Amino acid sequence: MKNAILSFWLIAVLVLFSNARSLAQYHLGVRAGVNFSNFKPGAFFDYDTRVGANVALLINRPLNKVLSIQLEPGFSQRGARYETLGEGPLNGAILKSEERGKFRFNFIELPVLLQWRPQIGKFTGIVSLGPELRYLAGHVKLKYSSKITYDGVVTKDESGVVNLESGYGKNTFDYGAVGGLGMGYPVKSVTIFGEARYHLGLRRLAEGVKTYHRGPSVHIGVLVPMGK
């Protein structure tokens, strides 16, 4: 699977930049949005969604009237949240424990997408599909808080941020597939668009753990034709 994704990415780059001297064939743009990322399936906890930002530059080359290839080098925040609660008797008293945490991954990402853009009246439909590669920028960070109460008395109450250099922070590269649906609207020569996507991570977060980066995202952006 990894070799197939890399091969598709390389072919797409070659197609995109073939005859690169004809700048009028290209559209350039930007997008910004929000990730609703998670770890699926959960290995140690039932993870909750972590909200993070995504931004990217867009380089689009039409192949014909409805098909194009689009590169999107950018930055993306991913991760997940968890919460564990426990309560039980101990030596005639009640012991309660609470722990909450948030994993924070910062990625440099490169989706390479084949896009179908059918005309729907004044609007343009957007159907995107392709691989995406990610490079981890810096350490994975875990922000946590932990509290233990025994017989109504707090015996532990701490919080902090730690860098994870092993386990979930071990893999520098990640890869997966992404698909999306959206709509564009022309304003003079500029196309304003919005899109919703789902990101299917295909590399395990750590060896021996069948857990992946997965979840939806939404964004808005603009595309501008060059040479006009």
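For A196 and M226 in the same chain, what is the full-extension length gain: residue separation times 0.36 nm, less their Cα-Cα distance, in nm? Can you show the working numbers first?
Values: separation 30, 0.36 × 30 = 10.80 nm, distance 2.55 nm.
That works out to 8.2 nm of additional length.
What length, rounded to one decimal in nm, is gained on full extension from L164 through to Y185, with 0.36 nm per residue of separation minus their alpha-carbon distance? Spell out each step's value before the answer.
Details: separation 21, 0.36 × 21 = 7.56 nm, distance 4.35 nm.
Length gained, L164 through Y185: 3.2 nm.
Rank these for me by crowding, R50, R78, going from fewest to most other beta carbons within 10 Å.
Details: R50 21, R78 28.
Exposure proxy ranking, most exposed first: R50, R78.
How would you rank 68-75, 87-94, 122-129, highest first, on the average number of other Cβ atoms within 10 Å across their residues? Before the final figure, lay out each step's value.
Details: 68-75: 19.8, 87-94: 8.9, 122-129: 15.5.
My ranking of the peptides, most packed first, is 68-75, 122-129, 87-94.
For a 23 Å ceiling on Cα separation, which of these pairs sit above it: K96/K141; K40/K147; K102/K156; K40/K143? Show your work: numbers first, answer last.
Details: K96/K141 26 Å; K40/K147 27 Å; K102/K156 19 Å; K40/K143 20 Å.
Too far apart for the 23 Å limit: K96/K141; K40/K147.
Give me the distance between the Cα centres of the stretch 111-158 and the stretch 30-75, rounded to whole Å.
Measuring centre to centre over Cα atoms gives 9 Å.
Which FRET efficiency value, to the nearest 0.05, do you get for D157 and F75 by plugging their Cβ-Cβ distance into 1/(1 + (r/R0)^6) with R0 = 30 Å?
Working: r = 35 Å, r/R0 = 1.16.
Computed FRET efficiency for D157 and F75: 0.30.
Using 0.36 nm per residue, how much length does the chain from D48 to V30 gain when fully extended, once their Cα-Cα distance is taken away? Before the final figure, lay out the partial values.
Values: separation 18, 0.36 × 18 = 6.48 nm, distance 2.91 nm.
Extra length available between D48 and V30 comes to 3.6 nm.
Determine the equivalent ellipsoid of the stretch 50-145 by diagonalising the alpha-carbon gyration tensor, then write out the semi-axes as square roots of 5 times the eigenvalues, largest first, rounded to whole Å.
Details: eigenvalues 417, 55, 15 Å².
Semi-axis lengths for the stretch 50-145 are 46, 17, 9 Å.
Under a plain spin-label model, where a point goes 7 Å from the Cα along Cα-to-Cβ, how far apart in nm are L114 and E98?
Going from the L114 label point to the E98 one covers 5.1 nm.
Any read-out appearing in this document is the output of simple, stated calculations on the displayed coordinates, not a laboratory observation. Quantities reported herein were computed from a predicted structural model and do not represent experimental measurements. In this analysis, Cβ positions are derived from the backbone assuming ideal geometry, glycine residues included, and neighbour counts consider all displayed protein chains.
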